[in-house]
Amino acid sequence: MKNFRVACGQFFVKKGEKEKNISQMIDYAESAADNSCDLILFPELSLTGIIPPKELKKMAEPLDGINIRKLVKISEEKKIAIAFGFAEFCYDSKNYFNSMVIINKKEGIVGVYRKMHLWDTDKDWAHKGDSIITCKIEKTIISCWICYDTRFPEIGRLAALKGADLALVSTAWLGPRDEWELSLRGRAIDNSIFVAGADLIDEEMNCIGLSMIVDPFGKILKKAKPREEGILFTDLNAEDRIKQVKRLQLIESRCPENYKAIVKK
């Protein structure tokens, strides 16, 4: 890992209004780029907001969709990586997914994650993903997951086992606010990784936008104010992760031979 500047963008997502939402995301990406950020993260279902399942299916896009291409173009032009959640239609399987895509400048799309742990409303329209991903941006290994996934410690450990330095979490958090904070801090300290979470603002759904960035010690580096649009960003010090990994050696100290009960149905 090298030192890395990450940003989170949170805003009042306009339900079903892709053009307005993308315009807001582009403005924030440009602002983050002007502040020398390497990457900006946006919430779950950033393009559409939380809308009824039938509408989500109608508005789902493939990876080469027109709106995805707009953000690919901005990533290249502004020289900033962009990660965001969206409703995906997959040509190959003909299935729909609650997905997160990572775009890296001239490389275009470098990672696509499909939500593994589906919330009740997700099950009405989305299929379950089955694998964690990693990609490398500026010598930093990045993994990601979405919202409800955060409540499962296994997701963070899978990311750490694949070498992640930083986990990105797109969310539309419906639960208690302290549980969001504790979950992010837990996944960070469990695995000695940085974790950045971007939260949707949607008053109707009681999503209030508590985006935050956490270090490998579980300390909150930056935290957004509720119901306040904007971006927050901070520098991730690579030495902090190195120190914590050396101090605890969590991966090496595991006893996987004793964990069989975890994966029993």
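The values are calculated or read from the model by the stated rules, or taken from the named source; none is laboratory data. Please read these numbers as outputs of a predicted model, since none were measured by experiment. Positions of Cβ are backbone-derived with ideal geometry, glycine not excepted, and every protein chain shown enters the neighbour counts.
Key figures
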quantity	calculated
Number of the exception - LEU174 against (1) surrounded by 14 or more Cβ atoms within 10 Å (Cβ to Cβ); (2) over 19 Å from the mean Cα position of the chain (by Cα); (3) at pLDDT below 95	(2)
Every residue from the stretch 225-244 that is of a type in the set (D, E, K, R), without any contact (Cβ under 8 Å) to a residue 60 or more places away in the chain and within 13 Å of ALA188 (Cβ to Cβ)	ASP240
Neighbours by Cβ (under 7 Å, 6+ apart or cross-chain): first from the stretch 1-26, more than 27 Å from PRO53 (Cβ to Cβ) and of a type in the set (Phe, Trp, Tyr); second at pLDDT below 95 and not in a helix (DSSP H, G or I)	PHE4/GLU138
Residue satisfying all of: in the stretch 183-219; under 14 Å from LEU166 (Cα atoms) and β-branched (Val, Ile, Thr); surrounded by the fewest Cβ atoms within 10 Å (Cβ to Cβ) among these	ILE189
Pair list, Cβ < 7 Å and 6+ apart or interchain, from the stretch 204-224 residues that are closer than 19 Å to TYR148 by Cβ to residues that are β-branched (Val, Ile, Thr) and surrounded by fewer than 22 Cβ atoms within 10 Å (Cβ to Cβ)	MET205/ILE50; MET212/ILE220; VAL214/ILE220
Residue in the stretch 236-245 that is acidic (Asp, Glu), assigned to a helix (DSSP H, G or I) and over 19 Å from ILE155 (Cα atoms) present	yes
Selected residue [modelled with pLDDT of 95 or more, in a strand (DSSP E or B) and either within 19 Å of PHE4 (Cβ to Cβ) or not small (Gly, Ala, Ser) (or both)] from LEU168, LEU184	LEU168
Index of the failed condition, GLY111 passing every other in (1) in contact (Cβ under 8 Å) with a residue 24 or more places away in the chain; (2) surrounded by fewer than 23 Cβ atoms within 10 Å (Cβ to Cβ); (3) farther than 26 Å from SER31 by Cα; (4) not aromatic (Phe, Trp, Tyr)	(3)
Tally, over the stretch 138-155, of residues that are of a type in the set (A, V, I, L, M), over 25 Å from GLY175 (Cα atoms) and crowded, with 22+ Cβ neighbours inside 10 Å	1
When residues of the stretch 1-31 are limited to those that are assigned to a loop (DSSP other than H, G, I, E, B) and of a type in the set (A, V, I, L, M), the one farthest from ILE141 (Cα to Cα)	VAL13
Matching residues, the stretch 218-265, being among the basic types (Lys, Arg) and touching a Leu at 6+ places or on another chain (Cβ under 8 Å)	LYS222, LYS223
Subset of the stretch 77-122 (residues that are closer than 20 Å to VAL6 by Cα and basic (Lys, Arg))	LYS78, LYS79, LYS105, LYS106
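Conditions tested, residue by residue: (1) within 19 Å of the chain's Cα centre (by Cα); (2) over 26 Å from ASP122 (Cβ atoms); (3) touching a residue at least 24 places away in the same chain (Cβ under 8 Å).
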| site | (1), (2), (3) |
| --- | --- |
| LEU39 | yes, no, yes |
| LEU47 | yes, no, yes |
| ILE66 | no, no, no |
| ILE80 | yes, yes, yes |
